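Q: Take this structure first; my questions come after.
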Amino acid sequence: RTAFVNGDALGLYVLDASGALYNSAYGNIKASLMNTKWTIEPTALISTKPATVCAYYPYASTHPSILKNGVPCIDIEIGDTDYLWGTCSDITSAQSNAKLTMRHALTCVRFVMTQESCIEGCKLEQISVTGPAVGTGATLNLTDGSLSNIAHDAAGISQSYSNKPSFLDGEVRQQFLLCPMTLTSSTVNFLFTIDGEEYEVHKDGVELKA
């Protein structure tokens with residue numbers, strides 16, 4: 001996600017200076033983009049008392065309208081969704097525009113595979129990824145973008161190709177969303193199945209940034 005389009009929606013939590021909800025109704029407010037303008041439902045009225053807005057994308061009504069342990073956070077499923085988060089402080093009735101810079105919550109690992117010495121076949125059947133950065137779910141803190149309660153799957157994640165694209169026809173690309181973390185002693189393992197044969201790649205000491 002590099003730009004928002006009509007129909008996109010953010011979830012907003014409006015906090016006061018103490019970190020509590022500015023108003024009990026200001027948790028998981030929906031902000032929708034229509035015709036280049038953002039509309040908020042319900043409307044959040046701000047007084048001279050400063051407010052902070054914490055946002056996430058994409059919006060889901062199933063996320064809580066209250067804080068968890070005093071923090072605005074949401075539980076996410078790690079798969080194909082590119083979750084974003086952002087904050088903006090010192091919003092008042094005199095300065096009511098919240099300029100949010102949205103950041104990626106997950107890290108994206110991309111593969112670009114090309115033909116070198118292969119002269120026939122070269123058909124990709126599956127890519128699998130295993131290791132501590134492979135999560136199936138987590139809790140996203142909307143104040144700083146940190147992840148906690150990360151659920152791991154020992155089996156990892158994989159993508160199979162029923163059409164078995166061949167490197168001979170050009171580049172083959174694939175990407176996976178993983179949990180941001182620095183791995184000093186652990187390993188991320190990549191397994192490529194090509195023409196029925198398995199090829200393993202191990203990466204140690206990597207830093208996966210959001």
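Q: Expected output is a single nm value to one decimal: the length gained when fully extending between residue 34 and residue 169, i.e. 0.36 nm times separation in residues minus the C-alpha distance. What is it?
A: 44.5 nm
Q: Amide H to amide H, which residues 5 or more places from residue 133 or on other chains are under 5 Å from it, using H placed in the peptide plane?
A: For residue 133, no residues qualify.
Q: Select one label from (1) 1.26; (2) 1.10; (3) 1.76: the one whose number is Cα Rg over 2.2 N^0.38 Å as derived from the coordinates shown.
A: Evaluating Cα Rg over 2.2 N^0.38 Å on these atoms matches (1).
Q: Taking amide H positions as placed 1.01 Å from N in the peptide plane, with prolines and chain starts having none, which residues 5 or more places from residue 78, or on another chain, fall under 5 Å of its amide H?
A: When sequence neighbours closer than 5 places are left aside, the close amide H contacts are 137, 138.
Q: Please give the FRET efficiency for residue 114 paired with residue 94, using the beta carbon to beta carbon distance and R0 = 35 Å, rounded to the nearest 0.05.
A: The calculated FRET efficiency here is 0.05.
Q: Between residue 45 and residue 158, what is 0.36 nm times their sequence separation minus the Cα-Cα distance? Round to one decimal in nm.
A: Here the answer is 36.1 nm.
Q: Just to check I understand the Karplus step: with θ = phi - 60° and J = 6.51 cos²θ - 1.76 cosθ + 1.60, what whole-Hz values come out for region 29-43, glycine and proline as x?
A: Per residue, the Karplus-derived 3J(HN,Hα) values read 6, 8, 10, 10, 9, 9, 6, 6, 10, 8, 10, 10, 9, x, 4 Hz.
Q: Taking the Cα of residue 65, stepping 7 Å toward and past its beta carbon, and measuring to each backbone N in region 128-155: which are under 11 Å?
A: none
Q: Gap in Å between the Cα centre of region 100-178 and the Cα centre of region 1-60?
A: Distance between centres, Cα-based: 31 Å.
Q: Now for a different question. Through the Karplus equation 6.51 cos²θ - 1.76 cosθ + 1.60, θ set to phi - 60°, convert the phi angles of region 17-27 into ³J(HN,Hα) values in whole Hz; use x for Gly and Pro.
A: 5, 8, x, 7, 4, 4, 8, 4, 8, 9, x
Q: While we're looking at this one, here's another question. Just by accessible area at a 1.4 angstrom probe, what is the order of 24, 128 from largest to smallest?
A: Ranking 24, 128 by accessible area, largest first, yields 24, 128.
Q: Among 92, 66, 143, whose Cα sits farthest toward the positive end of the charge dipole of the chain (+1 at Cβ of Lys/Arg, -1 at Cβ of Asp/Glu, about the Cα centre)?
A: 92
Q: Here is a follow-up. Can you give me the distance in nm between label points at residue 187 and residue 144, each placed 7 Å from the Cα along the Cα-to-Cβ direction?
A: 3.2
Q: In sequence order, what are the phi-derived ³J(HN,Hα) couplings for region 128-144 according to the Karplus relation 6.51 cos²θ - 1.76 cosθ + 1.60 with θ = phi - 60°, rounded to whole Hz, with x for glycine and proline?
A: Using θ = phi - 60°, the values come out as 10, 10, 10, x, x, 7, 8, x, 9, x, 6, 9, 9, 7, 7, 8, 9 Hz.
Q: Follow-up question, since we're still on this one. Could you provide, to the nearest whole Å², the per residue accessible area of the chain with probe 1.4 Å?
A: That works out to 56 Å² for each residue.
Q: Right, here's the next one. Which residues' amide hydrogens lie under 5 Å from the amide hydrogen of residue 83, considering only partners 5 or more residues apart or on another chain, with H built in the peptide plane?
A: Distant-sequence amide H within range of residue 83: 105, 106.
Q: Quick check: at a probe of 1.4 Å, how many percent of the accessible area of region 1-102 sits on carbon and sulfur atoms?
A: 50
Q: What does the net charge come to around residue 151 if you take all other residues with beta carbon closer than 13 Å to its beta carbon, with K and R at +1 and D and E at -1?
A: My count for the surroundings of residue 151 gives -3.
The values are calculated or read from the model by the stated rules, or taken from the named source; none is laboratory data. For clarity, every value in this text was computed on a predicted model and none was experimentally measured. When we count neighbours, we look across all protein chains shown, and the Cβ atoms used for this are built from the backbone with ideal geometry, even at glycine. To get the accessible areas, we keep the full protein, side chains included, count just its heavy atoms, and leave off ligands, DNA and RNA. Shrake-Rupley method; radii C 1.70, N 1.55, O 1.52, S 1.80 Å.
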